[in-house]
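Following: one structure in structure tokens, then a few remarks.
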Amino acid sequence: MNQSGDNENYRTHTLQQYLLNDVKGREVFKDITIIAASVCNTEHAYITLVDDERLIFLASNHNVLNDIDQTFSFCVTTVKSNEIHEVVDTLEDETFKHNPYVLGEPYVRYYCGAPLIDNNTGCILGTLCVFDNKPKTLSDNQKKSLALLAKQVMIGFKLNRRERELELEHVAMEEVIIERTETLMDTNHWLSKIIDLVPHPIFLKDKSGKYLLANEAQGKLFGKHSDNLLGKTDIDFVLDQAEYKVIKDSDEVIVNGRTTVILPEQIITLDDIKYYLHTSKIPVISPVDGEIRILGVSVDLTEVRFLQMEYNQSMEAYQKLVEISPDAIYIQSKSGEILFANPSGIKLLGATHINELLNRSVMDFIHPDFFNEVECRIGHSEALNGTISEQKAITLSGEIIDIEVVSVSFMYKGIEAEQVIVRDVSDKIKARQALYQSREEFRTLTDNSTDIIARINTDLTFVYLNKAITSITGKSLDFYSGKTAKQAGLEDSLCMGIEYIVQKTVAVGKTTSLYFENPELNDKPFRYAHVICVPEFDGDKKVISVLCTVQDVTELKENEKQLIQTGKDLDRFVYSASHELRAPLKSILGLSNLMRYEIENKNYTELNEYNSRIERSVKRLDETVQGIIEYSRNTRIDVVRELISFDNIINNVLENLSSLTNFLNIQFNTDISLDGNFYSDSRRIKIVLSNIISNSIKYADLAKEKSVVNLSICNSTDGCDIIIRDNGIGIEFKYIQHIYDMFFRATSNNEGDGLGLYIVKETIDKLHGNINVDSILTEGSTFKIHLPNL
């Protein structure tokens, strides 16, 4: 064997392909060493591989030795000799007698090795060897057996090598499969996405009808997610047996005949909705199992079918509409011959049957004044673009009628024609003339209306204002034309209000209303105003202006406020009056019970006192009732304007008050100085003086040397001033602001009803006057009253 450097490298490379690293692989070769040791009747048997620098022990019948240096290897000699090499006694052999493995462990005395030859390359990779600790020799059969076992080792090497190659190929194949699977999955993913984008239902079923694939459109058809269809059949969704049978039969034709099936109009009822489908199905063979599959695609014709039905219904409705239309409808040729007329059209021209009109020229029925206009319109409907024309027609009976005409291009029985709609507007013309007359009358009415009437454009400029606006501004009507409220100099809050209500009316397109309050107008009209705005539309139903009516509700608003206040006062009055009336009644009832008790016990000493107290309660009750009557009259009865005689009023008041307890102890001084006549309500003045003077009498300070009540009446710039001054007990300062409150009493020293000064204040307000009081406790009070001359 040539052991040149290149050959050795080649042998080493070949050896590397057979090296075993796994323990399981080595176990197979260990069995061969056991057989070799048994056949050769030796203590040890090894399979060794010769590397470039070391000896590799692959397997042994006992323990595998560690790798040893090639220098002392027996196997190297076998490898070089290319045949079975036997050393009968190593101590007698010149080559090995000094070998350390002979002189020491493992004390090799006998060695025999068979080369391991790779038949493909001819390289010797190692040896199958046996050795013993004593000299011996093998028979020829034993050597042949050892050589055969060496060949078996090489067969094992090759099998092991092929197995590893197969493992590597398997790993590589798995990687390819994984890569291709990922590519296929990615392709299927995008293919599924693309199929889902198709608006038509697409599906794939197996030969039993189970869904293997369905796009989103198919799932949507069944009202499910497409994944929920997989593994199910059409019977799970199509409940109508006849409809399911069509699907099932067509599937069987594809599976059995392997031919394409087309269902031009397949009907499927799902959730009470009937769907119309154009479905195509084709057979496909699965590349995986070779089984037939059913691939189908459907086109949803439901909307098309419904549109067709609607079209048919529309045409039927159109024909019926033409028949019952109150308008005359004609179809005429491009040259003007009548081809069709509906019943209204026959009647309009005074005919009794359509044959009286067919093929006649429309010009036969046109008034001569409109010949030129109609001749220009015939055959030009498309250019006229629906323009309405007012004309006069002459019927078969010679009657002249006013008509409105509009025409459009029309296909009639395959030829170009014109459809003409004619309306009798004789009454409309008369109404229009009447409208012109009514507009003039309306303008006269609005110009003289006390309400402000205005027409305002959507840009907030005035188009029209009636004369009522001049009562507020004093400016001419021409001043406002084309101006906004702000440009016209109206108050800011009023401008904002006009802008708001006009824009709101334009936005909602409905009648709107709003209340305006203009406090800066003081006593002028329209301080409170109710505005109603009505939108005005053009032919396209777009708001182009707003018609506003402004009604003066100042008096109504004032009355409303007064009514609300009166209601509040009445509630308060009824509550307080009921309390004031019940108090003396309870006192009388209690005193009556005491008197009965005293009489039953024959005790008469207190009866006079009880009787006096009852009388006082009755008087108090009478005063309260009188006060209520006076209050009621003051609120209900209008002010009476009459010439006032203060002398008569004062004398009458003092006469009526003369029965009061302290009257005779008081000195009354009167000073009346009026220049000219004074007009007011004498009854109300009497009420005012009576209540104030009666208080001066009731609350007189009798501890003083002289009790005085001074009354002075004199002229003022617009009426008269009345001053009533006394030196009575006075009013404590903290009570001054409450003395005009209903049923208020500033002292408990008197049993008054507390209504007097309340009625005084209400009465003076009714007379449009005012009252002030100055009072110092223990010194007296002064009431100053001003009444205007009515």
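The values are calculated or read from the model by the stated rules, or taken from the named source; none is laboratory data. The shown structure was predicted, so the numbers you read here are calculated from the model rather than taken from an experiment. No Cβ is skipped: glycine too gets one built from the backbone with ideal geometry, and neighbour counts run over all protein chains shown. What goes into the accessible areas is simple: the full protein's heavy atoms, side chains included, and nothing from ligands, DNA or RNA. Shrake-Rupley method; radii C 1.70, N 1.55, O 1.52, S 1.80 Å.
Phi angles of region 641-655 translate, via the Karplus equation with coefficients 6.51, -1.76, 1.60 and θ = phi - 60°, into HN-Hα couplings of 8, 8, 5, 9, 10, 5, 4, 5, 5, 5, 4, 5, 5, 5, 5 Hz per residue; Gly and Pro are given as x. Residues whose amide H falls under 5 Å from that of Gly719, counting only those 5 or more places apart or on a different chain, are Asn789, with hydrogens built in the peptide plane.
Residue-wise HN-Hα couplings along region 260-265, as the Karplus relation 6.51 cos²θ - 1.76 cosθ + 1.60 with θ = phi - 60° gives them from phi, are 6, 10, 10, 10, x, 9 Hz; Gly and Pro carry x. So, R0 is 41 Å and r is the distance between the beta-carbons of Glu375 and Phe306; what FRET efficiency does that work out to, to 0.05? Once the sixth-power term is evaluated, E becomes 0.35. Overall form of the chain: oblate. Here a/c, set by the Cα gyration tensor axes a ≥ b ≥ c, is 1.5 or more, and a/b is not larger than b/c.
Take each of the peptides 669-676, 155-162, average the number of other beta-carbon atoms within 10 Å over its residues, and list them starting from the highest.
Taking the mean over residues of other Cβ atoms within 10 Å, the ranking is 155-162, 669-676.
Counting only alpha carbon atoms, the long axis of helix 302-324 and the longest principal axis of the chain meet at about 40°. The residues of the chain expose, per residue, 58 Å² of accessible area to a 1.4 Å probe. Using θ = phi - 60° in the Karplus curve 6.51 cos²θ - 1.76 cosθ + 1.60, the 3J(HN,Hα) couplings for region 770-776 round to 8, 9, 9, 9, 10, 8, 10 Hz; x is entered for Gly and Pro.
Looking at region 281-388, none of the chymotrypsin sites (Phe, Trp or Tyr not before Pro) sits in a DSSP loop with at most 15 other Cβ atoms within 10 Å of its own Cβ. Note: relative contact order over the chain, using C-alpha pairs below 8 Å and six or more positions apart, is 4 percent.
As an equivalent ellipsoid, region 79-178 spans semi-axes of 38, 15, 11 angstrom, where each value is the square root of five times an eigenvalue of the C-alpha gyration tensor, largest first.
What do you get for Rg/Rh over region 165-269 if you use C-alpha atoms and the Kirkwood form of Rh?
1.15
When the C-alpha to C-alpha distance is required to be over 30 Å, the pairs from Lys475/Lys766; Lys320/Lys542; Lys510/Lys557; Lys248/Lys274 that qualify are Lys475/Lys766; Lys320/Lys542.
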